[in-house]
Amino acid sequence: MQNIFIIYTGGTIGMVQDKETGTFVPFDFELIARNLPDLARLNYKLTVHSFTPIIDSSNMRPSIWVEMAQIIKDNYEQYDGFVILHGSDTMSFSASILSFMLEGLQKPVILSGSQLPIGEIRTDARENMMTALEIASAKENGKSIIQEVCILFDNKLFRGNRSFKYHSSKFEAFRSPNYPVLAEAGIHINYNRDALLDNSGKEFILHTELDNRVGVLKLFPGISEETTRTILSADVRSIVMETFGSGNTMTDPWFLDLLADTIRGGKNIIDISQCKVGSVELGRYETSQGLKALGVTNGYDMTFESAVTKLMYLQGQLKDQAEVAYWVEQSIRGEITIND
């Protein structure tokens, strides 16, 4: 019998419709259990921890990530796998930060949820939940097949820190275009063995120190000097700069001067692309040649969610800004592809 620990944070999967307002509001895990009688037929011992109060994922924040990670740490030895039921809107942020906080993970941590509440006739919740449990319990030769933080949605398993929510209403809500799908569920669950992390023999370490002093500069044609200056002067340690194409920016002197001043002032600027597919290649075009010389850090193919949370994690561990910049450009949990 497999022991699976379920962390129920809330989200659409466990919502009910308020009769007075017609809006969906979070309910408790008992709603899910009543709508999933097949849970009783599984050869699993399920333990459920429900957050109180239940959390809409739009209200997710670092203190809740720390609580989730600590729950996993406290129960790590007693359970074969973990399933986190979570709202889909910020699921990729949570999956990304947990991947960084749970170093050396050798058991599956599967985040899942649904686009429709579990009580709806056409809900995707049942299939997502049952498949997440099956993957969380899957072993070969006494070892968990999955040894990382993942998202399971619409029969596909994604590396958590490579995923993003791309559709607000389709059952196929998540994608991971820069990294292969880890598994697909049909009649059988087919694992992409070459894409999986193997942390066998590593020490499992929990990191709970996070520093959320991160800013975001999203470029667009016509962005003003005043707007750019305001964002760059914010009280943060690092700024995620979302650029065009393969990492390109405008070359106006005022813009490059602001970047240079910001970096000289001790802040890190991380270049990631606004494109969902592909990678930043600093210097490929004239419009990015000067960025590396200024000290802009290459974010390669990191998702926005991964870049933001990786910075929170690194800044929580490291006081030296140069060290943070160095580790941003390294793959520490399989979140980045280095193409130099």
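The values are calculated or read from the model by the stated rules, or taken from the named source; none is laboratory data. These figures come from a predicted structure and were not determined experimentally. Because the Cβ atoms are built from the backbone with ideal geometry, glycine has one as well, and the counts that use them run over all protein chains shown.
Matching residues to (1) assigned by TED's automatic domain parsing to the domain that holds Lys292; (2) at pLDDT 95 or above; (3) outside any helix (DSSP H, G or I):
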position	(1), (2), (3)
Ser169	no, no, yes
Met241	yes, yes, yes
Ser246	yes, no, yes
Trp254	yes, yes, no
Thr262	yes, yes, no
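Evaluate the following for Glu67: is it more than 14 Å from Leu111 (Cβ to Cβ), assigned to a helix (DSSP H, G or I) and under 20 Å from the mean Cα position of the chain (by Cα)?
Considered against the rule, which asks whether it is more than 14 Å from Leu111 (Cβ to Cβ), assigned to a helix (DSSP H, G or I) and under 20 Å from the mean Cα position of the chain (by Cα), Glu67 comes out as yes.
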Restricting attention to region 95-119, the residues that are within 25 Å of Thr23 (Cα to Cα) and either touching a Gly at 6+ places or on another chain (Cβ under 8 Å) or part of a strand (DSSP E or B) (or both) number exactly 6
Selection status of Tyr300, part of a helix (DSSP H, G or I), aromatic (Phe, Trp, Tyr) and in the same structural domain as Leu256 (by TED's automatic domain parsing): no
Fill in: Asp80 touching a Ser or Thr at 6+ places or on another chain (Cβ under 7 Å), under 21 Å from Arg41 (Cα atoms), at pLDDT 95 or above and not small (Gly, Ala, Ser)
yes
- Does Ser88 qualify as being surrounded by 14 or more Cβ atoms within 10 Å (Cβ to Cβ) and outside any helix (DSSP H, G or I)? yes
In region 234-266, residues that are charged (D, E, K, R) and within 18 Å of Phe304 (Cβ to Cβ) total 2
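Thr287 - would you say it is over 22 Å from the mean Cα position of the chain (by Cα) and either in a loop (DSSP other than H, G, I, E, B) or modelled with pLDDT of 95 or more (or both)?
It is false that Thr287 is over 22 Å from the mean Cα position of the chain (by Cα) and either in a loop (DSSP other than H, G, I, E, B) or modelled with pLDDT of 95 or more (or both).
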Condition set under 20 Å from Val324 (Cβ atoms) and buried (at least 21 other Cβ atoms within 10 Å of the Cβ), scope region 245-266, selection nearest to the chain's Cα centre (by Cα): answer is Gly247
